[in-house]
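One structure is given here, and the rest of the page talks about it.
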């Protein structure tokens, strides 16, 4: 059985097509992503702007052609923060169904966090000790305390990188005062996370795909670290390398970020905010181990489908 998973994120639309055999074993057939930037200019106002709306329809149209080209039998499509919070989010869902025959499920933050956790477990070897999973999206950021068999706490915060970028509109490069303002905001917003850590006592941070993939790629490109490979799903990050590369990103202008090997263009505008968020969580929770999972929501959605379908 050939299944396509579409993840309509706030910044990026992702498509994954896999083949599932009768033993529930899956093999990747194709994957791609498109920078849609649904929240551009309007995410904190609660609507999807006309240009972003058009980009979303166009992206789904391109995905539909690929899905047909690969003779896919089943389509699973999900939308997250930008669509669920937008006054015209349902309109976009209706337009996609009308134009392309694809039914998008708009999921709440709790389900989003749950699917992300499933995806992480597919990619990363969790154990008895508790890990803190962090997924930085454009509209929201999910945190999950979990080990290999249990989810202890999960929460979706409306503090995605696109929201924060629009809210703080940092200088180029970001100033020390602007960093302080952002950190103070995070300190206030993430109090439930800090309270949960007192009980859960996570021993590491597991970063979920997206901006965390960029950390792997930049460490490889600039410092000779391990290369991001399609067949590998888990990376252990040396924290010294992490802080070295993130400090370089945080100090950089946009022009300078364009020169960083491993940083893809679609992440150049939001990577500063993402790096500040990562460092804030690592520091505030005193976590001294970092791993990166290349799997996230779409792989979790696929695992959930297999679990219930077979």
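A few notes on this one:
- Between the labelled values [x] 19.3, 62; [y] 18.6, 57; [z] 20.0, 76, the entry that holds Rg and Dmax of the Cα atoms in Å as derived from this structure is [y].
- Net length gained if the chain between residue 306 and residue 247 were fully extended (0.36 nm per residue, minus Cα distance): 17.2 nm
- Over the range 213-302, relative contact order from alpha-carbon pairs under 8 Å, at least 6 apart, %: 40 percent
- DSSP beta bridges confined to the chain are antiparallel in about 65 percent of cases.
- Potential extension, residue 149-residue 188 segment - 0.36 nm per residue separation minus Cα distance: 11.0 nm
- Calculated FRET value between residue 234 and residue 110, using beta carbons and R₀ = 22 Å, to 0.05: 0.30
- Antiparallel %, DSSP beta bridges [both residues in the range 2-107], to 5: 65 percent
- Each of 233, 141 has some number of other Cβ atoms within 10 Å of its Cβ, and from fewest to most they run 233, 141.
- Here the contact order of the range 2-107, divided by its residue count and restricted to Cα pairs under 8 Å and six or more residues apart, works out to 29 percent.
- Helix-only arithmetic for the chain: the sum of -39500 (n - 2.57) across DSSP H runs with n ≥ 4, divided by the residue total, places the mean residue ellipticity at 222 nm at -14000 deg cm²/dmol.
- Listed peptides 127-139, 17-29 appear in the order 127-139, 17-29 once ranked by packing, highest mean of other Cβ atoms within 10 Å at the front.
- Across the chain, the relative contact order, built from alpha-carbon pairs under 8 Å that are at least six residues apart, equals 19 percent.
- Shape of the range 137-241, Cα gyration tensor, a/c cut at 1.5: oblate
- Förster radius 35 Å - calculated FRET efficiency between residue 27 and residue 128, Cβ distance, rounded to 0.05: 0.70
- Note on the chain: GNM, Cα springs under 10 Å; of 201, 150, 58, the largest mean-square fluctuation is that of 150.
- What the Cβ-Cβ distance of residue 44 and residue 198 gives, at R0 = 25 Å and to the nearest 0.05, is a FRET efficiency of 0.20.
FYI, it's all coordinate maths here, none of it is from the lab. Computed from a prediction, not measured in an experiment: that's the story for all the values here. All Cβ positions, glycine included, derive from the backbone under ideal geometry; neighbour counts span all protein chains shown.
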